[in-house]
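Only one structure is covered here, and it is reproduced in the block below.
The values are calculated or read from the model by the stated rules, or taken from the named source; none is laboratory data. On a predicted model such as this, the values are computed, not experimentally measured, just so you know. Cβ: placed from backbone, ideal geometry, glycine included. Neighbour counts: every protein chain shown.
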Amino acid sequence: MPSGFDYSKWDKLELSDDEDDHPGAKFIEENTLRRIKRESHERQEAERAAKVAELEKTIEAETEKLNELTRSSTSSTTAGDAEKRDADAEKVRILGAIASARAEIEKEERERKFNADEMCYVASERSLVGAQCKPDAGDSDLDYEGYVKKYGGELEALARASFSERGLEDMAEFFKTRAHLLTEHSMGWMLLKCLRMEMQGDTNGMKRAAKTGYALKSILDFAEAGAKPMKDAARPFFNRLAEEPRVFAEYTAAYEDYCAKLRERAVAKKREEEEEALKASKEEKSLEEIPREQRLGPGGLDPVEVFESLPEAMRDAFESGSVDALRDYVNALPMEEARTHMRRMVDSGLWVATPGQEGTALRDPEDPPEDPPQDPPAPGEDREREPE
């Protein structure tokens, strides 16, 4: 880049991540607000262009008057002193009007604001044929779940990363070699991570992760404004923050506001989850709360009483949900004791056996059964059956 390159044109760049002073900004949906800002910019640009065009017409008209006055004074040899003074005064007025119009045009150009589309143009194009046309999809074909599954470890490390030493400079260097993390999926994951941290009371961790989360959000907005991928927008985004103290100050204030909104949302979300859990606990009655006559099994036995009468090891195997553990315990019992326990479990509804096999104990498939084998359901399954 030439050392004399003029960066001043970036001073008036309007971007969607700038602080918005629209009076209804916090009540307007983001895409709608972006459209309103674009239309406002187009209207202001049209007014500016019309003003510049009018000033250019003034310069052209005054220049023509000056030329005519010069021709008249040159061709006239009999003009008196008074006429010469009047002509000179008119020339001074015309030159002043031209200078004033030109100064006004220069002021309009200096104060002109650009958006991302107006800052760039296509310098060259080329056409590709055949295999060269095949795009590099990269991770663009991954949905959110697939992306998190692939890069979850890196995202966790990124959430714990501290960029406090050199701030955004370190973050810019980090993303140079990890461009695959510059995606909307990363931004969404980081937002949820920050929300969960704050809900768990880890405010410092939330603020640390939010530095990256808000940077990803800002890069995404910057990329959308310039109609480019996030990986192409990251470097100019960080460069602008480094070169513009005013923009950096506005960005820092916006980050603090982002953290404040995260804290507010975390409080509301935690309250919602507590209310949902309380509602669910009220709706789900335990077996003990159901009247005894309503919870009797198909054989007329109370499942609560039967379960409490089982040996402790058998209750533990039953509650574990492991058929193998329950089978091992039952098969170790004497046959009559095993039949008694299994029959009482069936009669109470704690176990639903294959019809005709209600008294059969669980046995290993490789052992020769004394009765036809059964295919019991999972332990703990309490199915309602009509009395036969």
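In this structure, residue 193 does not satisfy being touching a Phe, Trp or Tyr at 6+ places or on another chain (Cβ under 9 Å) and crowded, with 20+ Cβ neighbours inside 10 Å.
For the structure I just gave you, tell me whether residue 205 is over 18 Å from residue 236 (Cα atoms) and at pLDDT below 65. If you could, list the steps in order and put the result at the bottom.
Working: over 18 Å from residue 236 (Cα atoms): yes; at pLDDT below 65: no.
No, not satisfied.
Considering each residue of the range 237-260 in turn, none proves to be modelled with pLDDT of 85 or more, assigned to a helix (DSSP H, G or I), within 25 Å of residue 143 (Cβ to Cβ) and in contact with a helix residue (DSSP H, G or I) (Cβ under 9 Å, 6 or more places away or on another chain).
Against the conditions (1) surrounded by 14 or more Cβ atoms within 10 Å (Cβ to Cβ); (2) under 30 Å from residue 271 (Cα atoms), residue 233 satisfies every one except (2).
Pick from 64, 60, 83: which is without any contact (Cβ under 8 Å) to a residue 60 or more places away in the chain and either more than 30 Å from residue 46 (Cα to Cα) or among the basic types (Lys, Arg) (or both)?
Values: 64 fails: either more than 30 Å from residue 46 (Cα to Cα) or among the basic types (Lys, Arg) (or both); 60 fails: either more than 30 Å from residue 46 (Cα to Cα) or among the basic types (Lys, Arg) (or both).
From the options 64, 60, 83, the qualifying one is 83.
The set of residues from the range 236-276 being over 17 Å from the mean Cα position of the chain (by Cα), surrounded by 17 or more Cβ atoms within 10 Å (Cβ to Cβ) and of a type in the set (A, V, I, L, M) comprises 241, 247. Number of residues in the range 154-187 that are crowded, with 17+ Cβ neighbours inside 10 Å and under 16 Å from the mean Cα position of the chain (by Cα) equals 9. For the residues 210, 223, the requirement of being free of Cβ contacts under 8 Å to residues at least 60 places away in the same chain, in contact with an Asp or Glu (Cβ under 8 Å, 6 or more places away or on another chain), buried (at least 16 other Cβ atoms within 10 Å of the Cβ) and not in a loop (DSSP other than H, G, I, E, B) singles out 223. The helices (runs of 4 or more DSSP H) falling completely within the range 300-388 that include 3 or more residues that are modelled with pLDDT of 50 or more, among the charged types (D, E, K, R) and under 56 Å from the mean Cα position of the chain (by Cα) map to 312-320, 323-332.
Within the range 12-120, which helices (runs of 4 or more DSSP H) (wholly inside it) include 1 or more residues that are of a type in the set (A, V, I, L, M), in contact with a helix residue (DSSP H, G or I) (Cβ under 6 Å, 6 or more places away or on another chain) and at pLDDT 70 or above?
Details: elements: 30-75, 81-111, 116-119.
Where helices (runs of 4 or more DSSP H) fall fully within the range 12-120 and carry at least 1 residues being of a type in the set (A, V, I, L, M), in contact with a helix residue (DSSP H, G or I) (Cβ under 6 Å, 6 or more places away or on another chain) and at pLDDT 70 or above, they are 30-75, 81-111.
Only one entry in 190, 197 is free of Cβ contacts under 8 Å to residues at least 40 places away in the same chain, farther than 22 Å from residue 173 by Cβ, in a helix (DSSP H, G or I) and out of contact with any Lys or Arg (no Cβ under 8 Å at 6 or more places or on another chain), namely 197. Take the conditions (1) of a type in the set (Lys, Arg); (2) surrounded by 14 or more Cβ atoms within 10 Å (Cβ to Cβ); (3) at pLDDT below 80; residue 134 misses just one of them, which is (2).
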